[in-house]
Amino acid sequence: MSEPHRTDPQPTLSVFDAVTIMVGIVVGIGIFKTPSLIAANVGSEAAFLGVWVAGGLVTLIGALCYAELAAAHPHAGGEYHFLGRAYGRPVAVLFGWARGSVIQTGAIAAVAFVLGDYAAQVQPLGPYGPALYAGLAIIVLTGLNVAGTIQSKTLQIAVTFIEVGLIAAIIGWGLLGSAGAGAAAPVAATAPSSAALGMAMIFVLLTYGGWNEAAYLSGELRDPGRNMVRVLVIGTAVLVALYVAANAALLAILGLDGLRGSQAVATDMMRLVAGESGALIVSLAIVVAALSTLNATIFTGARVYFAMARDITLLPRVGDWNERGRAPANGLIAQGAVALLLVALGAASRDGFQAMVDYSAPVFWAFLLLVGLALPILRWREPDRVLPFKVPLYPLTPALFVLSCAYMLHASLAYTGKGALIGLGVVLAGLPLLLFQSRRDETERSPSAPPADVALAAAPSPILIQPGERR
């Protein structure tokens, strides 16, 4: 038997490996930014914790649907592969364009703004300080990646442990420090509007975002038919426990009003319970974690340009691979330019991070909705396919997931700013690219089954620590 091609993904990941990667993907720096935004859109402490639990339930429902798709169609291309099989190559290509122009670049800018907020706590640079830090970080890290400087897997895992350790510290200080610091005064409950609750859920699910990236591990997971559901369910349970406990701790120290008025919740909490030295240490640790997250996001994001260049004949040089630096240099430069433009636009808004959420959320939820619909479509189109794992309570479970995605799409359009329309407009601007699809795909391979190297390149994610990198 001949050896597999060197670009073919190999089943080397255990359940523990995959759960660790999934948690590392999701537990990013969003938890240090979104609590204040969520608190501003709920009317009581109970509602604040309730939306985190509700977000966990939506994530679990989605994870079960992804478990069936990934177990039945294991592939390193993940969502790119599911969408191609269900709807054909044009939808998959448009998804790739959306990742490169909105989802991934929006994530880069959003992470950069969080970095800027905490860096400004260490060394203020005036009202535009967060944006200046954000832009500088993108320029420096893009340059390092173009030169071929790629962070090691060991460093990425270490930073993941820093992030998890910070959350554990928040939980510990919140539970132990609230007695000494005095519990924050409760806030009189008010009835939030549907718009406010919609915005709160957008930020909650943004913080849970990344769980779907586990689908990209199915091509490298041992026995994915049996283990994919374990990875997704165990990983989701760990995430819900961490996030609910961390937010309960923040609430115990800062209170709802304190959360609403904070630009850096972890720093403000530590300032109350451990003084200025504690606040400084936390800010520095989050800046380090944010730099790593941003570097990994830049690294993985540019690979989609390489993939698109293989499928689209227009502007093929965007996908040129720099053999010396072992990186898609032109794609990195293009990605960095778009991200810097988004930082500039975000700097002109009230909150750069929220502006990036407005820009990318509708596009993200639109494609997640399509993935949810792909499950019944593929069951109908491929009735003879063996399903190693079947989503429980079918068709109720996928219906709930699709309805949740539809609601989030509605909320992200109705309750966000002009950035939402700009993001959708950018995606629609990519439609003419479909006229330049490479004909070799029609004769050499199925549009729904990209070759392994392209599939790997199309597997994106803002914070993925893939077995070779990540986020």
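The values are calculated or read from the model by the stated rules, or taken from the named source; none is laboratory data. Keep in mind the model is a prediction, meaning the values are calculated, not measured. Note: ideal-geometry Cβ built from the backbone for every residue, glycine included; neighbour counts use all protein chains shown. To get the accessible areas, we keep the full protein, side chains included, count just its heavy atoms, and leave off ligands, DNA and RNA. Shrake-Rupley method; radii C 1.70, N 1.55, O 1.52, S 1.80 Å.
Using a Förster distance of 41 Å, how high is the FRET efficiency between Ala414 and Leu49, based on the Cβ-Cβ distance and rounded to 0.05?
Efficiency at R0 = 41 Å is approximately 0.95.
Using the alpha-carbon centroid of each, what span in Å lies between the stretch 33-54 and the stretch 330-404?
Cα centres, the stretch 33-54 to the stretch 330-404: 23 Å.
Using the Karplus equation 6.51 cos²θ - 1.76 cosθ + 1.60 (θ = phi - 60°), what ³J(HN,Hα) coupling, rounded to whole Hz, does each residue of the stretch 275-288 give in order, writing x for Gly and Pro?
Values, residue by residue: x, 5, 5, x, 5, 5, 4, 5, 4, 5, 5, 5, 4, 4 Hz.
Pulled fully out, how much extra length does the chain show between Asp223 and Ala168, if you take 0.36 nm times their separation in residues and subtract their Cα-Cα distance? Intermediate results must be reported in sequence, preceding the final value.
On the way: separation 55, 0.36 × 55 = 19.80 nm, distance 3.21 nm.
Gain on extension, Asp223 to Ala168, equals 16.6 nm.
To the nearest 10 square angstrom, how much accessible area does Leu206 have with a 1.4 angstrom probe?
Counting only protein heavy atoms, Leu206 exposes about 80 Å² to solvent.
Let's test the formula: R0 of 45 Å, r as the Cβ-Cβ distance of Leu396 and Ser277. What FRET efficiency results, to the nearest 0.05?
It comes out at approximately 0.30.
Starting from the residue with the highest accessible area, list Tyr128, Tyr66 in decreasing order, probe 1.4 Å.
The ordering from most to least exposed comes out as Tyr128, Tyr66.
What translational diffusion coefficient, to the nearest whole µm²/s, does the stretch 79-136 have by Stokes-Einstein, given a Kirkwood radius computed over alpha-carbon pairs, a temperature of 10 °C and 1.306 mPa s viscosity?
Calculated translational D: 121 µm²/s.
Gain in length, Val140 to Leu284, computed as 0.36 nm per residue apart minus the alpha-carbon separation, to one decimal in nm?
50.0 nm
Taking 0.36 nm per residue of separation and subtracting the Cα-Cα distance, what length does fully extending Ala344 through Phe161 add?
The span from Ala344 to Phe161 would gain 62.7 nm if fully extended.
Hey, if we sort Asp17, Asp351 by accessible area with the 1.4 Å probe, largest down, what's the order?
Asp17, Asp351
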